[in-house]
Amino acid sequence: MTLYALTGTPGTGKTSLSNELRSRGYNVIDGKEHIKANGLLGELDAERDTHEVDLDLLNDSLQEYRDSPDLYLIDSHLSHFMDCSGIIVLRCHPDILADRLRARGYGENKVCENVQSEVLDVILCEATESDIPVWEIDCSHDDIPVSADSIEEILKGKSDDYVPGKTDWSLEMDKWF
Ligand code: ADP
Ligand code: MN
C-alpha cells in the first residue's frame, strides 16, 4: 500500500499543493470529488455547515488505490482517518489562516471555528491517535512550490525535518478563545 493522507484545517493548502503535486506527476485523489462520485456525501449538518461522511465506507472505497502498485495521495480533511502509509498534516499560522478563509468568503463564525481548531492542533492530534507515521508542514509563509518540495522530501523518506511538534500556535490562544 502506498496511499498518503494529505490533511489539515480548511485553508492550510491541501488543494493548492495537490494541484502543484499533480503538475509534478503525482496521483492525487480529490477527496471531495471522490466522496461525491462514490455516493458517500451524507446529510447536511446545518449547525456545522458540513456534510456527514461515513468514515468506514470512505475507507473501504479507497481499497483500489491501496491495492495499486502506484503511489497515491488523497486530499481531504478526513484523510487522516483512513488506513494509509503515512499522514501529512498541513499547518498555517492562525492570523494567516483567518485571512485565507475570509478571502474565501467564510463568515466570521466559520473563520473562528476553523482557526480555533488549528490553534488546538485538532487534526494533528487526531492523526497521531493511530500508529500511522505522521509529518507536519508549516504552510504559512513558504510559497507553494517550496511546500510541495517538502511533501516530496517526505515521500522520498527524507522526513526528519517534518516530525510533528515544531508548530506551536499556543501563544495565539487568547486571541481566538
Ligand atoms: P485547503 O484545500 O486546505 O482548504 P487551499 O489550497 O484551498 O486550502 O487554500 C490555501 C490558500 O493558501 C490558497 O489561496 C493558496 O494560494 C494559499 N497559500 C499560500 N501559501 C501556501 C503554501 N505554502 N501552501 C499552500 N497554500 C498556500
Ligand atoms: Mn481543499
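The figures follow:
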quantity	calculated
Condition check for Gly157: touching a residue at least 24 places away in the same chain (Cβ under 8 Å) and in a loop (DSSP other than H, G, I, E, B)	no
Ser140 being under 15 Å from the mean Cα position of the chain (by Cα), closer than 19 Å to Asp30 by Cβ and touching a residue at least 12 places away in the same chain (Cβ under 8 Å)	no
Candidate set from the range 3-17 (those that are under 16 Å from Ala127 (Cβ atoms) and hydroxyl-bearing (Ser, Thr, Tyr)); member that is nearest to ligand 2 (Cβ to nearest atom)	Thr12
Qualifying residues in the range 1-12 (those that are within 16 Å of ligand 1 (Cβ to nearest atom) and part of a strand (DSSP E or B)) - the one most open to solvent (accessible area, probe 1.4 Å)	Tyr4
Asp75 among the acidic types (Asp, Glu), more than 16 Å from ligand 2 (Cβ to nearest atom) and at pLDDT 95 or above	no
Filtered residue count, the range 99-112, keeping only those that are assigned to a helix (DSSP H, G or I), without any contact (Cβ under 8 Å) to a residue 60 or more places away in the chain and more than 12 Å from ligand 1 (Cβ to nearest atom)	3
Residue list for the range 114-161, filter: of a type in the set (D, E, K, R), within 14 Å of ligand 1 (Cβ to nearest atom) and under 28 Å from Phe177 (Cβ atoms)	Glu118, Glu136, Asp138, Asp142
Some residue of the range 131-150 being open to solvent by 40 Å² or more (accessible area, probe 1.4 Å) and either aliphatic (A, V, I, L, M) or within 16 Å of ligand 2 (Cβ to nearest atom) (or both)	yes
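The values are calculated or read from the model by the stated rules, or taken from the named source; none is laboratory data. Every value quoted in this text rests on a predicted model; they were computed, and no experiment measured them. Note that we place each Cβ from the backbone using ideal geometry, even for glycine, and neighbour counts take in every protein chain shown. Only protein heavy atoms, including side chains, enter the accessible area calculation; ligands, DNA and RNA are left aside. Shrake-Rupley method; radii C 1.70, N 1.55, O 1.52, S 1.80 Å.
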